[in-house]
Each structure stands twice: as C-alpha cells, then as structure tokens.
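Right, one structure below, let's go through it.
The values are calculated or read from the model by the stated rules, or taken from the named source; none is laboratory data. The model shown is predicted, which means the values in this text are computed figures rather than measured ones. We place every Cβ from the backbone using ideal geometry, glycine too, and count neighbours over all the protein chains shown. Keep in mind that these areas ignore ligands, DNA and RNA; they rest on the heavy atoms of the full protein, side chains included. Shrake-Rupley method; radii C 1.70, N 1.55, O 1.52, S 1.80 Å.
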Amino acid sequence: MSHDLTLTINGTRQQIALDDPRVTLLDLLRERLHLTGTKKGCDRGQCGACTVLIDGRRQNACLALALSHDGAEITTIEGLAEGDTLHPVQAAFVAEDGMQCGYCTPGQVMSAVGLIAEGRAGTDPERIREGMSGNLCRCAAYSGITRAVLAAAEEMTTTKGERKTA
Amino acid sequence: MSVAKPLPHDAAPLHVTGQARYIDDIPVPANTLHLAFGLSERAHAKVTVLDLGPVRAAPGVVAVIGPDDLSPMPDCSPSIHDEPLLAMGEVHYAGHPMFIVVAESHLAARRAARLAMVTYEDLPALITIEQALAANSHFEGGPVTWQIGDAAAAIAGAPRVLKGSIEIGGQEHFYLEGQAALVLPQEGGDMVVHSSTQHPTEIQHKVSEALGLPMNAVRVEVRRMGGGFGGKESQGNHLAVACAVAARATGRPCKMRYDRDDDMMITGKRHAFRIDYHVGHDDRGRILGVEFLQLAQCGWSADLSLPVCDRAMLHADNAYLIENMRIESHRLRTNTQSATAYRGFGGPQGMLGIERVLDHVAFAVGREPLEVRRANFYGEAGGQPPDPRDISAQKKQQVTPYRMPVEDFILHGLTARLEESSAYLARKAEVARWNAANDVLKKGIALTPVKFGISFTLTWLNQAGALVHVYQDGSVHLNHGGTEMGQGLFQKVAQVAASGFGIGVERVKITATDTGKVPNTSATAASSGSDLNGMAVKAACDTLRGRLAEFLAERHQVSPAEVLFEGGRVAVGGAEYGFDEVIAMAYQARISLSATGFYATPKITWDRVKGQGRPFFYFAYGAAVSEVVIDRLTGENRILRCDILHDAGASLNPAIDMGQIEGGYVQGAGWLTTEELVWDDRGRLRTHAPSTYKIPACSDRPRVFNVALWEGANREETVYRSKAVGEPPFMLGISALMALSDAVAACGDGTVYPDLQAPATPERILAAVKRVRGD
Amino acid sequence: MSAWHRPASLTEAIGLLAEGGVVAAGCTDLFPATRRQALSGPVIDLTRVAEMRGISETRGGWRFGAAVRWSEVLSAALPPAFDGLKAAAREVGSVQIQNAGTLGGNLCNASPAADGVPGLLTLEAEVELAGPAGMRRLPLAAFLAGARRTALAPGEVLVAIHVPSHAAAGRGAFLKLGARRYLVISIAMVAARLVVKGGRIDRAAVAVGACGPVASRLPALEAALAGIAPEDAAAAVSEALVAPALAPIGDVRGDAEYRGVVAVELVRRALRGLAAEGMR
C-alpha cells in the first residue's frame, strides 16, 4: 500500500508516494529527494543538525514523520538563497565565520531564520543564545554563531523598516 | 601577502547553502549496500553460541559476515595488532562488534543486527581503574616510570608535605558527523575508499592489509570531516575495513555509518585518569619534589593508549620547573571501549594533575595561587639561546623532567599581560567582596597557564608531503597530506601556497586529501597539520617559483633572486607580467609546472624507554582567567567570564586561530564540568545519547569572552613562524575547574581543601561544598 | 506494509484505535527513526483531531486540547496562575521541540521527568479520556500511574486537559535544575502556585518532579503554608515537609540523595520567587 502526500519543498509542490508510512521527514529529504544539506546528527531531536522550517516554524526533521506534514510547506537549507544571492542569515554566517567543521551549520542557519521570524529574541545576545540552544556545535563556534545571528537580525529588521518607509 | 589574513573558512559558502558534502552526502551507485555491526551486550564474556540465522532471514539482508567467515581475521588496531575486526569467541566490552550485516538499506541492516541469538558465558569484567589496578591488568606488562632528581628525598626533606588525588573523567568526542565510510570496488579488485578519517594512510594500510592487496591497490579520499577531535584518528578503521571486506564479498559498493548511539557505544573516548600526588614544598609554595601516580583507563585494546599516556607524563610539569619529579604511569586494561586520541592526547590529564597540585599547595600555604604558580614557573626565555660553547650556561640550562631544554618560555610576560588585561587582581578582590555579602551564590576566579609540546612523540611521524600543480591558465591545484575537520587547515595551507606565488588565495583550488596524490601521510593530529603540511606545501611552491624565477631571470639576464612575485604580478628586470602570463610562457618553454614538497621536522630526538630527549620541536603557550559562580545549595554553576591570551606564534590566519582558541576552551571546560560518562556496574555505557551526555550548548558559553593572540613569532623556523593551535587551547579550560574550586573554597572557612573531582557536575560541587563546610 | 491514519474527528480516532496501533502526535518522544521497530503496527496520527486542538476558556475553567503544542501554550493569553506551566513550556527541550511536542504527549509518555506535569498538578488539572466505553474524567494524579505508565485503558485516548476555574487563580512558578542551561532533561523540578488574600496565603499548591516515578504534590507543606504571609513561605519549607512525598531515583543524571537535597531548595526558591512577584 502506497501513501501519497503533497509537500511544497522550497517553493516547489511535490507529490510523493511513500511505500513506508514511518519515513521521517529527514530520511525523505536526504535519501529520497537527495536534499542532503539537512544533516543527521543524532536522530533523536537533541542536536538540531536536521532543523528545517515546517510552515515557517523550526522543527527537527529527524522527529517529524513525513506523512504527518501532508500539505505543509517545507524550507530546507537548499531553499534559502535566491539564485546566487545568499539569504541575509547565510551571508552573516560567512561574514562572521560562524562555523568550523560546518556539519551543524545548515541546522544553525535554519534555526536562526526561524528564531528571527519568531521575533522574540530581537537583538539581545542572551536571548539569542537561549533561542539557539537547540543547535549544538561541538567545535563551539558559538561566538561566531551568535554574532552572525545578531548581525542578520539587525540587518533584516533595518531592511524591513526601510521597506516600510519606502 | 595572503598569509596572516583573517580569511573565513574556505568552504563557508558551501556550508551555509548545504552544498558541502560529507561521506553520507556523496551520491552513491544504486546498487550500494549498507552495513551495520551486531554488538555485544556483555562487558566480558565467552560467546558460546552465535546464531546468525534470524539475522540472515531478516528482510533486506544480503549477507551476514561472522567471525568464522573471515580467515585471517582483519586487524583494525593502529598500534599492536590486538583489535580483530570482529570479536573472536570472546567479547571484551559491551558494544564490541561481533558480526557484520550487509543489507539493501541502512535501516534494514540496523534492524537485522539486533536479531542474533547469542549465548554468553560471563567472565569477570574490569570496569573501573581501581578494579583493573587490583587485578594488575596492565598494558606493557606494568607501569612506566620516568624521573629526574630524587623526588622521594626532596619530599622527605621538604618543610611541608601534602598528598592528594584527583579523578578525571573521560570525554566523548561527539563529532556532529558520526563515523562513516564508503568503499567502491574498482576493476582488478582495487578499492576506492571514502572515509571520515584524520588518517587516510592508516585507512589505506588497514584496508590493503585486510584484503591482502598492496597499498597501491587502495586509494583513500577525504574531503572533510564533520569534526574529528582525535576520534577519527583510528576509530574509522573498523568501518572502512568492514566495507572493504563486504565489497569484495559482494562485488558491490558498501557504505557504513554509525548512528549516534552505536557511535557512542562502539568507539573509544578520552582516557579517564586518576592522578595521585605526593608533594614536598616550602612555606612560599615553591615545589621541591613531586611524585605522581598516573592511572589511565585504557579500555580493552591498546589503540593509541601508549603514546597518550606518554604525553600525559610529558605534561606532568606543565609550566613549572620542578627539579625532583617521579612519574609512574599505569596503562590499565579494562572491559570498556578502547580509549583513544582526543584533542590534547593525554596532555590535558597530565597538565590537570600538576595544576591541581599548584591549586592545593597555594591553598595549603594560603597564598595567592597566581603568585605560587609564578614562583614555580620556568625561567623566561632571553633574546638569544644559550651559547653551546659556554659550559656554565649549559649547566644552568633549565630542563623538563624528560630533560628537554626549555628555551622559549614566555609565560612570565604572557601571564603579566593577561593579569593586566583581565584586571585579575581587582576582580579577585571584587569576588571576595561578593562572597562576603552573598550566602548562596559564591564566585570564584582562577588563572591557569598552558605549555604544550608540539610534535608527534613517535619521531618518524613528523613528516609531510605536498603536490602542487599550476595549470596553463595560472590556476593552482593544491594537495597535501593533511585532512580538514573544521580546524581551517585547508584555508591556512592555501594561504601559504598563495603567498608562495604572490597571488590571491582565490586562485588556489583546495582539493580532497588523496593517498593517490600524496603518499605515506601522518595522521592530522598532534596539532601538527599546518606546521607539517604548510611547510611541505611551501617547499613545493618554492621549487616551482624557483623554476619560474630561473626561467625569467635567464630571459631578462638578471639573477633569479631579482624576480619578484607579488600581488598577482611578477616583476623582473624592469618588466612586469601577470602571473598567468608567466605561467603561459613557462608552459610554452616546456618548464615543469608540477612539484612535490616534503618536510621533516628538525631537531627532535626521543628515547621513550628512558623518557629522555627532545620530543618536541617547540612549545605553544597560553593562559586563561575564568570567573565562575556556583549555587551553594544546588551545585549549579556558570562560567561568567573568560579572558584568554594565547600564543599562536605569527598567526597564519588570526580569525581561524581565534576560533580554535574559543572552541578549545569551551570543549575543555565542558570536559571538566558538564560532560560525564557513566558506566553501570555491568560495564554498559549509560550515557550513550545526547539526552544523557551533555556537551556545551550556545547558552553555556561564558557571557563575557575576551580572546586575544599573543604577539610574538615562533623562535623556531616553522611555517612563517606560526605555532600549532589545534590542541593547546583545550587546556585553557582547566582554569574553569580551578575557578570552581576557588568558589567552593569560599563556602568554607579556608581550612578544608575543596578536593573537587572532575567533571565538576552540580552534584560533585555540592559534595565539595559540604566537605569544606564540614556538613 | 503497515497502515497510516490521520483521523479528523474523535469518533473516527476511537474507531481506528479499537483495531490497535501506535498513537503519534508531535513524535518528539517517539524517535521514529531510531526506534522504528516500536512503530511496527498501524500508526494513528492524532494531530488533526478537531477535539484535541486549541486552548479555550470554558464555563468551568480552561481547556487544553491534548494535541496542543508547547509553543502554543507559550504564546497563549493565560492568567498568572499558568505562569509556571508557561515557564515549563519554555524549558521543554529546544524551540524545535516546543514547535512539535504536545501537552498530551508529555502526559501520556509519563516520563518521571515530564516538564508539564508539576505545573499541571498545581493547577488541579483533570484529564478527559475517550474510548469505546465513552468519556471519562480523571484527576491528573490518578491518570499518572507510575513511571511510563498511565491509567489509559486499551483503545482509550487522552482528549483534553481541563484546569478548573478555582485553580486558575493566583500565580504560578516553575524551576528546573539540569546539567546545562537549556536542552536538558531535568535532575529535579518544582512547580508552585499561591493564592494570596489579605496578605496571607489562602491556598498553596506545590509539586515536585523528576524525584520519583511520578511527579507529586506536597500536601503537608501546602497545609503548613496556608495562612502565613507569602514572604515567610520559603522559611517554612523544611526537609520533613518535602521528603515524604518524594521517592528519588538514582540514575545517570544525579543520585537520589542529591535530588532530595536539591528538591527542597528548589521549593524554597519557587516560593521566594512568587513572594517577590506578588509584592511588585
């Protein structure tokens, strides 16, 4: 018995047939859709390497059953940049060198995008550190990560403001 | 010049877009098979029945390889051939691989691996250091002892004496990318191996040995690792060998990755230690003699334990000139995961031993710990090394307990600068005021130094090779023996290459480490990556630049020394060319545009049996001030502030070096605070998931974190006078433990030493608080 | 190949459950990939069941659908009595977990360290269950039968959590102690709620979690607190008033004695915090 679902992944609507209903969103992305930017770190929701946005909210793809999210919009690390133009969060992670080995980076970036969208942390470094605590970085590039999120949050707020006044 | 620029990691744009590929991201042929190990559930037992029938019958299983299916059994040990790929009749730890499942999918393999019917006959298991010591369960037949002077006599004659002991926990690497390997069979039985390894040549060696092939039939490629920290120096052997064996048996590509819990159950970790000390000192805290008993939990096989324990002994002095020292090192065999390399490689444990002694002595004599530390420091290096013809100078030369002259000591100047920049004394007074006014939250502050020896202690490993091609269009293709695991080696080495040609780093293509391009490489370990490979690359670039200079000099009738490569241009005899023009001309003139480079570290000699010689080319230095707060009633704690001054010589890339320093400190502080490994009394690791094993998160980073680089070149001739930076900053984390000890001491009346054990979990802190309060 | 269902109504869900299967909601405790064997039967995803969604004020108090996510609790406009529950919501795993995990899942999973339980106990929460035999209501304390055990009968499902109006009074607080600042499973945790009238504690509700197979209220302490001034509450806490309600377990996160000591201190602090809040 095949299970059909529809997901809009990085803006593209896709009909997907699963032969096994228990496939996680992470395995679906990585193994069937070959979107390997989303990483598998612990497979139990404790490291954040697999963070994606589901309907705009950050979640661990390793804990999400794909079928549960039939109809949802999924944004992965591959869907952030517009062509060659990096998303402000991505650009900030490069500029602030918010990484070492890079394995946790896609999850960090997605989590930061989610955090900024939640609008609760603002530009308070302490709130940002709290809000990013679901994403472990064993290299402990936390200074660069915090700087990057701050810079991106500031830039995105300014840009929004400018747009409003324009 | 490209060197010394604070450039970000070369792959940063790939990481932030998810394009950077790790082993599990490499597209594989459709017929690829997936492997999983079946694991022992017992710590030590005879396997009387291993029925793999249900495993073979499970859905998706293509083959099952048990101990009887391999003859001879491949070995996975990096040292003394004591690690068969699969347990042969006897299991030595809970998590010991017993058989290999080869299946159509990763999940099918994993699921089937749990279906074996095993009957065990339990044997006595040694889980703890104390059990192994009582059973006289040693590697190398017994303890290793090195000494200088006469410690026993010095202690006996000392005005004051103290004894103590510190337990030091191990540490899980928790590289975010788990161990992984992919083996692709080639024509004629050759193999191409993709491995997440710090040591491609070792993988090549082990795979070729397992298959009975010459090393030239196996090629290993490593683009990057998602973290290594020493955990991928030897622990990847099993996956690569298993995949190779399965690939030969099935003729299909084979891939294996450990899930997190398997990774934590199977692979080795940092060595847990217990260090007992017996110290003779004077009233000012000058140490006159020390006896150390270093007890190391090595796990079931030798792995790298011998050099790890050697390095612990080699750092038993840290920054202190102690003329009478005896170190007795026990390398204990236990029925636990085989402890392995981990950032610092035993150095952190050895160094913590002596820092604990200094803390204890300072407490005993009631003096400011920094002053006591200073009173014991080696003498500061002068401007010039001592004149070897001057016998009196030689006589006075200060040496380590292993008799290596200490000629580059800078910690007097460095700690003075840090003391000032961190306002150490003023804050110490502030902490005392706070503690007087607050009953529940108590603060502590400590400054600890680091002196870390740089070079592999196995002297022959201190070599590296490089291969540099320049193509007709002037673009550069760079290969060397080092591997990238986030430490920024590739970017640093690319900067060296770019500087060699006077071009921008964007002209240099950084490629995967490949045993087919650079052979016989050493592990990227011992912080040596940029020292060794940077020099090898520089040598290759120097050769190429020499050829180009000679060619242009002849054309322009000048001397080759007058040909200048800078800013992407080449100036010669009043003329100027673009670098790519020169390359095009050289190509047409039939000049070879490819060169190898080689480097062997000079000056080092080491007799490990006697424990004497010069094992290190130089020392890297640093110091940190940590300020912490503890909750006297719950044991909860935070690092409030950290100030670091670290010596990276003339930094090849200050941005990358600062990242290494911050990351090293946080990882080191994690080791000594939140990261606790727990085995139950049956030897099963209970902390095998991130829910129970706690590495520092973003919110655990100190709120105030000031990191600066010491400005001073390496006095030895290293690549652009830089210093190694991978491991030394890890030990700056010791300052966090000493600050916690200070905070605990503040809960008492100053008569009882806190005797804080590591890791200082809330529970241990609370126990220490009770101790000093006499509750 | 096993089946997958996502019922839209309670009736449909109960019908499916009658045939057996694994219940799924936020999946944060299910570890779908690593424990896939546990998911071998049909999976019944409850996140779309209308009756299990939303937070609303009812005539009798407040109703939380069992499939309400932690992030919904955090952003809901609730009276100060729920401050403890909200503080717990903020400390459940990470934001990623709070966006997926449900209140009902937390209760049904019945971990001794479940973050939601102590707060709900102080709110006198009742659970609404539905099954083939119809609906029933149970006090939360009766629902939690032990470590990883609940009073759910076969085929029965948790539909909603009710907080009666009388318990939605006063102000709540929650404290959790773990080895790390965030992303931790508790070593010990405490929830408290005080109703103050005329400068005296009119009613006190205090519960401790992660210090026994199930979280529990501290009736002896609550009685001792009644009638005293809030600022004297912390001083009234003694080990004798707390310890009898606890049965701390030793595990890799902390030994039993340590948990007991810490629980007493956390209770004091929660009460001290509430007293300070009240005086503002």
Gap separating the Cα centres of the stretch B:651-670 and the stretch B:179-198, nearest whole Å: 32
Chain B - share of DSSP beta bridges that are antiparallel (%, nearest 5): 80
No Cys partner within the rule (Cβ under 4.7 Å), chain B: B:CYS76, B:CYS298, B:CYS309, B:CYS541, B:CYS642, B:CYS698, B:CYS747
Only Lys, Arg (+1) and Asp, Glu (-1) charged, at Cβ; chain B dipole about Cα centre in debye: 440
Residue-averaged beta-carbon neighbours from other chains (10 angstrom radius) around A:126-134: 6
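At 1.4 Å probe size, with the rest of the protein present, what percent of the exposed accessible area of the stretch A:1-84 is carbon and sulfur atoms?
Using a 1.4 Å probe with all protein chains present, the stretch A:1-84 comes out at 40 percent carbon and sulfur.
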Cα-projected label distance for B:VAL558 with B:ASP276, points at 7 Å along beta-carbon direction, nm: 7.2
Label-point separation in nm, C:ALA240 to B:TYR587, each point 7 Å along Cα→Cβ: 9.3
For the stretch C:170-278, accessible area per residue (1.4 Å probe, heavy atoms of protein chains only), Å²: 35
Distant-in-sequence amide H partners of B:GLN171 (H built 1.01 Å from N, under 5 Å): B:ARG270
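Taking both sides together, what accessible area is buried at the C/A interface, probe 1.4 Å, expressed in Å² and rounded to the nearest 100?
Values: alone 12870 and 9210 Å², together 19130 Å².
Approximately 3000 Å², summed over both chains.
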Compactness of chain C, expressed as Rg and Dmax over alpha-carbon positions, Å: 18.8, 65
Selection from B:PRO74, C:PRO244, B:SER421, by position along the positive dipole direction of the protein assembly as shown (Cβ): C:PRO244
Accessible heavy-atom area order of B:ARG686, B:ARG343, highest first, probe of 1.4 Å: B:ARG686, B:ARG343
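Other chains near A:18-29: what is the mean number of their Cβ atoms within 10 Å of each residue's Cβ? List each step's numbers first, then the result.
Details: counts 2, 1, 6, 9, 13, 4, 7, 2, 2, 5, 0, 0.
Going residue by residue through A:18-29 and averaging, the value is 4.
Chains A and B: what accessible area do they bury, summed, in square angstrom to the nearest 100, with a 1.4 Å probe?
Values: alone 9210 and 28650 Å², together 34110 Å².
Interface between A and B: roughly 3800 Å².
When a/c is below 1.5 the answer is rounded, else prolate if a/b is larger than b/c, else oblate, so apply that to chain A with a ≥ b ≥ c taken from the square roots of the Cα gyration tensor eigenvalues. Walk me through the numbers before you get to the answer.
Details: a/c = 2.13, a/b = 1.53, b/c = 1.39.
Here chain A falls in the prolate category.
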The stretch A:87-114 versus the stretch B:676-711: alpha-carbon centroid distance in Å: 22
Cα-projected label distance for B:PHE598 with C:ALA147, points at 7 Å along beta-carbon direction, nm: 6.2
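Kirkwood hydrodynamic radius, the protein assembly as shown, all distinct C-alpha pairs: what's the number in Å? It would help to have the intermediate numbers written out before the result.
Working: mean 1/r = 0.0313 Å⁻¹.
It works out to 32.0 Å.
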Heavy-atom accessible area order for B:MET265, A:MET99, largest first, 1.4 Å probe: B:MET265, A:MET99
Rounded accessible area of B:HIS34 (nearest 10 Å², 1.4 Å probe): 40
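Step through the table entries B:LYS163/B:LYS723; B:LYS492/B:LYS517; B:LYS163/B:LYS610, compare each Cα-Cα distance with 25 Å, and write down the pairs that go over it. Could you put the intermediate results ahead of the total?
Details: B:LYS163/B:LYS723 36 Å; B:LYS492/B:LYS517 19 Å; B:LYS163/B:LYS610 27 Å.
In this structure, B:LYS163/B:LYS723; B:LYS163/B:LYS610 lie more than 25 Å apart at Cα.
How well do other chains shield peptide A:105-111, expressed as the mean number of their Cβ atoms within 10 Å of each residue Cβ? Could you put the intermediate results ahead of the total?
Values: counts 11, 6, 3, 3, 4, 2, 4.
Other-chain Cβ atoms within 10 Å of each residue's Cβ, averaged: 5.
May I ask you to derive the FRET efficiency for B:ARG686 and C:ALA247 from their Cβ-Cβ distance with R0 = 22 Å, giving the value to the nearest 0.05? Display every interim value, and only then the final one.
Values: r = 20 Å, r/R0 = 0.92.
E between B:ARG686 and C:ALA247, to the nearest 0.05, is 0.60.
Mind ranking B:464-476, A:47-59 by how tightly packed they are, going by the mean number of other C-beta atoms within 10 angstrom, highest first?
Values: B:464-476: 21.0, A:47-59: 25.6.
Going by the mean number of other Cβ atoms within 10 Å, highest first, we get A:47-59, B:464-476.
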Karplus 3J(HN,Hα) series, Hz, for the stretch C:126-138 with 6.51 cos²θ - 1.76 cosθ + 1.60 (x for Gly, Pro): 10, 9, 9, 10, 9, x, x, 8, x, 9, 8, 10, 9
B:ILE591, A:ILE9, reordered so the largest accessible area comes first (probe 1.4 Å): B:ILE591, A:ILE9
Value of [θ]222 nm, deg cm²/dmol, for chain C, DSSP H segments ≥ 4, -39500 (n - 2.57) each, nearest 500: -8000 deg cm²/dmol
Chain C: DSSP helices with Cα axial extent of at least 18 Å and average Kyte-Doolittle hydropathy no lower than 0.0: C:256-279
Net length gained if the chain between B:TYR577 and B:MET73 were fully extended (0.36 nm per residue, minus Cα distance): 175.4 nm
Derived scalar couplings ³J(HN,Hα) [the stretch B:607-613; Karplus, 6.51 cos²θ - 1.76 cosθ + 1.60; whole Hz; x for Gly, Pro]: 10, 6, 5, 7, x, 9, x
Lys/Arg +1, Asp/Glu -1 at C-beta; the stretch A:3-79 dipole; positive extreme among A:THR75, A:THR36, A:CYS47: A:CYS47
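Local charge sum around C:LYS86 (other residues, Cβ-Cβ under 12 Å, Lys/Arg +1, Asp/Glu -1)?
On the way: positive: C:ARG90, C:ARG171; negative: C:GLU72, C:ASP83, C:GLU91, C:ASP115.
Net charge in that neighbourhood comes out at -2.
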Cα-based reach from A:LYS40 at 22 Å (exclusive), listing lysines while leaving out same-chain residues under 8 positions away: B:LYS232, B:LYS255, B:LYS269, B:LYS694
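If packing is taken as the mean number of other Cβ atoms within 10 Å per residue, what is the order of B:644-650, A:67-73, highest first? Write down the numbers at each step before the final one.
Numbers: B:644-650: 25.9, A:67-73: 18.7.
Per-residue Cβ counts within 10 Å, averaged per peptide and sorted highest first, yield B:644-650, A:67-73.
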Longest to shortest principal axis, alpha-carbon extents of the stretch A:88-155, angstrom: 29, 21, 17
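Using a 1.4 Å probe, what is the accessible area per residue for the stretch A:3-79, in Å²? Don't skip to the end; give the middle numbers.
On the way: 2290 Å² over 77 residues.
Dividing the accessible area of the stretch A:3-79 by its residue count gives 30 Å².
Please list B:244-250, B:81-87, A:12-18 highest first by mean number of surrounding beta-carbon atoms within 10 Å per residue.
Numbers: B:244-250: 21.7, B:81-87: 19.6, A:12-18: 11.9.
Descending mean neighbour count gives B:244-250, B:81-87, A:12-18.
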Whichever aspartates and glutamates have a C-alpha closer than 17 Å to that of B:LYS509, once near sequence neighbours (fewer than 8 apart) are set aside: B:ASP10, B:GLU221, B:ASP473, B:GLU484, B:ASP580
Nearby lysines by direct alpha-carbon distance to B:LYS442 (threshold 16 angstrom, same-chain neighbours under 8 apart not counted): B:LYS428, B:LYS770
Estimated dipole of the stretch C:170-278 in Debye, rounded to 20 [Cβ of Lys and Arg +1, of Asp and Glu -1, Cα centre]: 380
Probe 1.4 Å, protein heavy atoms only - accessible area per residue of the stretch B:520-589 in square angstrom: 43
For the stretch C:170-278, alpha-carbon Rg and Dmax in angstrom: 13.5, 45
Estimated dipole of the protein assembly as shown in Debye, rounded to 20 [Cβ of Lys and Arg +1, of Asp and Glu -1, Cα centre]: 1600
